[in-house]
Amino acid sequence: MAGTIERTHRNDYRRFQAISTRWMDNDVYGHVNNVVYYSWFDTAVNRLLVVSGQLDIREGKVIGLVAETGCRYFAPTAFPDEIEAGVRVAHVGSSSVRYEIGLFKKNEDEAAAVGFFVHVYVDRQTLKPMPLTDGMRGFLDSLKT
């Protein structure tokens, strides 16, 4: 997504994660505050990685660090909306991945927000980039559009 981030639809994504809004997510204007969206992006991607066995957040030798992020907002969300985060992979490098996430209100086809972040996978101790494993590459391929 170089340049402008375009509004997407549900069928643009490979996997979905359910996210419940919380009362505290609303700001004084009555909608979910922008910083919460970044938390949802992180939660959706990392849940997929952990559940699929690709990331061991406690003991794994390799961890993912966020190197770049972005988001474009199209429609407000608010508590008590149920959100569904669509996840796809746009690019895989030797040690990095660009994840793209669409946030959808339940039963809506157009994203309320679309964002991305780039993970660079590094050695937990040295923080030096590590090549992606074959297993991780296979999993990431299943998320490509």
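Report the residue count in the range 25-79 for those that are of a type in the set (Lys, Arg) and over 17 Å from MET136 (Cα atoms). The number of residues fulfilling the criteria is 2.
Residues of the range 109-145 being surrounded by 12 or more Cβ atoms within 10 Å (Cβ to Cβ), part of a loop (DSSP other than H, G, I, E, B) and of a type in the set (D, E, K, R), which ones? Within the range 109-145, just ARG124 meets the criteria. Of GLU108, GLU100, GLU59, all but one fail to be modelled with pLDDT under 95 and of a type outside the set (A, V, I, L, M, F, W, C); the exception is GLU59.
Of the residues in the range 92-108, how many are outside any strand (DSSP E or B) and hydroxyl-bearing (Ser, Thr, Tyr)? Quick ask: steps written out before the conclusion?
As a first pass, look at the range 92-108 and keep what is outside any strand (DSSP E or B): 93-95, 106-108.
With the extra rule that they be hydroxyl-bearing (Ser, Thr, Tyr), the set shrinks to 94-95.
Counting residues in the range 92-108 that are outside any strand (DSSP E or B) and hydroxyl-bearing (Ser, Thr, Tyr) gives 2.
Scan the range 19-33 for residues that are of a type outside the set (Asp, Glu) and surrounded by 15 or more Cβ atoms within 10 Å (Cβ to Cβ) and the total you get is 5.
For the range 26-69, give me each residue that is part of a loop (DSSP other than H, G, I, E, B) and closer than 21 Å to LEU132 by Cα. Once the filter is applied, which keeps residues that are part of a loop (DSSP other than H, G, I, E, B) and closer than 21 Å to LEU132 by Cα, the range 26-69 yields SER52, GLY53, GLN54, LEU55, ASP56, ILE57, ARG58, GLU59, GLY60, LYS61. Taken together, the residues in the range 16-38 that are in contact with a helix residue (DSSP H, G or I) (Cβ under 6 Å, 6 or more places away or on another chain) and not hydrophobic (A, V, I, L, M, F, W, C) amount to 2. In the range 1-30, the residues that are more than 19 Å from PRO76 (Cβ to Cβ) reach residues that are modelled with pLDDT of 95 or more and in a loop (DSSP other than H, G, I, E, B) with C-beta atoms within less than 7 angstrom, at least six apart or across chains, in these pairs: ARG14/SER142; ARG14/LEU143; ARG15/LEU143.
Every condition in (1) in a loop (DSSP other than H, G, I, E, B); (2) open to solvent by 70 Å² or more (accessible area, probe 1.4 Å) is met by PHE16 except one, and the failing one is (1). Exactly one condition in (1) open to solvent by less than 20 Å² (accessible area, probe 1.4 Å); (2) without any contact (Cβ under 8 Å) to a residue 24 or more places away in the chain is not met by VAL36; state its number. Going through (1) open to solvent by less than 20 Å² (accessible area, probe 1.4 Å); (2) without any contact (Cβ under 8 Å) to a residue 24 or more places away in the chain one by one, VAL36 breaks only (1).
Scanning the range 76-108 for residues that are under 30 Å from PRO131 (Cα atoms), hydrophobic (A, V, I, L, M, F, W, C) and open to solvent by less than 10 Å² (accessible area, probe 1.4 Å) yields ALA85, VAL87, VAL89, VAL97, ILE101, LEU103.
The values are calculated or read from the model by the stated rules, or taken from the named source; none is laboratory data. Note that the structure is a prediction, hence the values are computed from the model and not measured. Counting neighbours? That spans all protein chains shown, and the Cβs are built from the backbone with ideal geometry, glycine included. Note: areas computed on protein heavy atoms with side chains; ligands, DNA, RNA excluded. Shrake-Rupley method; radii C 1.70, N 1.55, O 1.52, S 1.80 Å.
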